[in-house]
Amino acid sequence: MRLVVQVSKNASCEVDGKVTGAINYGYVVLIGVNDEDNEEIADKMLAKLLKLRILPDDNGKTNMSLIDKNGELLIVSQFTLYADMTHGNRPNFLKAGAPDHANKIYEYFVSKAREAGVKVGTGEFGADMHVTLTNEGPFTVIMDSDELI
């Protein structure tokens, strides 16, 4: 599982001109799932995400978590995080999870984030989405389950 986490003052996602999810202060999370990912990996990645100390404290130091700041999440599926660009100029996506499996893990991740008490907005799996955000910092990190678990 790969996550691109962007600290954002506000963000929204639209599909066909309709807002599917919107947040105030928090993280925009682009999530890529591969076929080896499962609920256990999703649980570990979510726990790490919610405790990640990349938000500023009162002194401006990146010392606070999303939970500490009562932040929100906009979670958007993004199979392109598994792009393989080792051959030629056109990426292939063979390492991305099969759509049914990836959607199942994506929906599980979203539901667990909500169960944790976080306000969550989402994109629409498999749709052509337009994501708008105001980065803060900008501060962006990449989390990869192969490196963190």
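The values are calculated or read from the model by the stated rules, or taken from the named source; none is laboratory data. All figures in this text were calculated on a predicted structure; none of them were measured in a lab. Here the Cβ positions follow ideal geometry from the backbone for every residue, glycine too, while neighbour counts run over all protein chains shown. Heavy atoms of the whole protein, side chains included, go into the accessibility calculation; ligands, DNA and RNA do not. Shrake-Rupley method; radii C 1.70, N 1.55, O 1.52, S 1.80 Å.
Things to note:
- For residue 90, the criteria (1) among the basic types (Lys, Arg); (2) assigned to a helix (DSSP H, G or I); (3) farther than 18 Å from residue 5 by Cα hold in every case but one, which is (2).
- Residue check for residue 3: in contact with a helix residue (DSSP H, G or I) (Cβ under 8 Å, 6 or more places away or on another chain) and over 29 Å from residue 92 (Cα atoms): no
- Residue check: residue 133 meets all listed conditions (1) open to solvent by less than 70 Å² (accessible area, probe 1.4 Å); (2) modelled with pLDDT of 95 or more; (3) out of contact with any Lys or Arg (no Cβ under 9 Å at 6 or more places or on another chain) but one, namely (3).
- Filter result for residue 61 (over 16 Å from residue 22 (Cα atoms), buried (at least 16 other Cβ atoms within 10 Å of the Cβ) and free of Cβ contacts under 8 Å to residues at least 24 places away in the same chain): no
Yes/no per residue for (1) touching a Lys or Arg at 6+ places or on another chain (Cβ under 7 Å); (2) of a type in the set (Asp, Glu); (3) under 22 Å from residue 80 (Cα atoms):
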{"position": "12", "(1), (2), (3)": "no, no, yes"}
{"position": "32", "(1), (2), (3)": "yes, no, yes"}
{"position": "39", "(1), (2), (3)": "no, yes, yes"}
{"position": "43", "(1), (2), (3)": "yes, yes, yes"}
{"position": "46", "(1), (2), (3)": "yes, no, yes"}
{"position": "51", "(1), (2), (3)": "no, no, no"}
